[in-house]
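The values are calculated or read from the model by the stated rules, or taken from the named source; none is laboratory data. Keep in mind that what you see is a predicted model, and the values were worked out from it rather than measured. Cβ atoms come from the backbone with ideal geometry, glycine included; neighbour counts cover every protein chain shown.
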Amino acid sequence: MENDFLRARRRQVLSRLSSRLRRGPDDVSLILPYDEVIAALGFRGERYAGLQTISLAAVVGTVDSRRDFDRRFRPTSARVRERWERLALAQRRGEPIPPIDVYQVGDLYFVKDGHHRVSIALAARQRTIDAYVTQVLTDVPAQGIRGRRDLVMKSYQRIFAERVPLPEAAYAELTCADPWSYAELGENVEAWGFRYMQAERTYLSREQIARQWFAGEFTPVVRMLRAADLIGSGTDAEAYMRVASQRYRLMRTHEWNDEVIERLRREVR
């Protein structure tokens, strides 16, 4: 058991050293904190899903404020050694080991109770573990989270979704590489909505403005930009913001037509 712990500890040190030598991102090996993930994604609710067999590869985070393990649940210090070795010995003797307790966020699992058991199972090269699962629903999906730096993007996406409430499928077309672009796009939609209500002499909710903008502004404009070969190498949303600002700067108009598109094509190129 002593050798097993030391081996797991050595793997953690070597992994950290290898990442530093490769000049990889600092946060890749850090365990994901549940509270930071939920703050970025937005908490919508939870439900108990019962006892399940889950993949250890999907256990990436913790509810614990202490950081005794890395992303792969390798010990980060000798502080957990005594308990780690005691539990590993009990497991080897065939003593019953209770299931761990986790929160499930998307396809990711965060340990509430059972950090040492997860670490021992991974050190023994197990692929699954029994767990009591509580599923957590969030405003923004957890898909794409690889490290803590991805939480910045998720946070901006969540704020954008609050400002521009749309059906889930629409957000797949509103992607940006830069997190700050979501803030700029949100301001663009709100400004468009203000002008729309003035022109129509009516009041609309955020949901109504968002749907009107997506169907009557964004979708047809992107279609025109694509026909004029003005999308470029970025996303549809990035192309829309780029030419929308150019259009107003050059022509002082919020209208879209073939003449505007043609002039934008000449100016942008």
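List the pairs whose first member sits in region 209-237 and is without any contact (Cβ under 8 Å) to a residue 12 or more places away in the chain, whose second member is part of a helix (DSSP H, G or I), and whose Cβ atoms are under 6 Å apart, counting only residues at least 6 apart or on separate chains?
Qualifying pairs under 6 Å: Ile231/Leu225; Ile231/Ala239; Gly232/Ala239.
Could you list, ordered by first residue, the pairs with Cβ atoms under 8 Å in which the first is in region 59-71 and under 24 Å from Arg125 (Cβ atoms) and in contact (Cβ under 8 Å) with a residue 12 or more places away in the chain and the second is of a type in the set (Lys, Arg) and not in a loop (DSSP other than H, G, I, E, B), at least 6 apart or interchain?
Asp68/Arg79; Asp70/Arg16
Could you check how many residues of region 73-95 are assigned to a helix (DSSP H, G or I), hydrophobic (A, V, I, L, M, F, W, C) and in contact with a strand residue (DSSP E or B) (Cβ under 9 Å, 6 or more places away or on another chain)?
Total meeting the criteria: 2.
Identify all residues within region 167-183 that are in a helix (DSSP H, G or I) and surrounded by 15 or more Cβ atoms within 10 Å (Cβ to Cβ); write none if there are none.
Scanning region 167-183 gives Ala170, Tyr171, Pro179, Ser181, Tyr182, Ala183.
Sort through Gly193, Gly232 and tell me the only one that's more than 27 Å from Pro141 (Cα to Cα) and out of contact with any Asp or Glu (no Cβ under 7 Å at 6 or more places or on another chain).
Gly232
Over 22 Å from Asp236 (Cβ atoms) and either touching a residue at least 60 places away in the same chain (Cβ under 8 Å) or surrounded by 17 or more Cβ atoms within 10 Å (Cβ to Cβ) (or both): does that describe Val133?
yes
Only one residue in Tyr182, Tyr109 is of a type in the set (Ser, Thr, Tyr) and not assigned by TED's automatic domain parsing to the domain that holds Phe214. Which one?
Tyr109
Just wondering, is there one or more residues in region 123-130 that are touching a strand residue (DSSP E or B) at 6+ places or on another chain (Cβ under 8 Å) and either buried (at least 19 other Cβ atoms within 10 Å of the Cβ) or among the aromatic types (Phe, Trp, Tyr) (or both)?
Within region 123-130 (the criterion being touching a strand residue (DSSP E or B) at 6+ places or on another chain (Cβ under 8 Å) and either buried (at least 19 other Cβ atoms within 10 Å of the Cβ) or among the aromatic types (Phe, Trp, Tyr) (or both)), the answer is yes, since at least one residue qualifies.
Residues being surrounded by fewer than 17 Cβ atoms within 10 Å (Cβ to Cβ) and modelled with pLDDT under 95: count how many of those fall in region 205-218.
1
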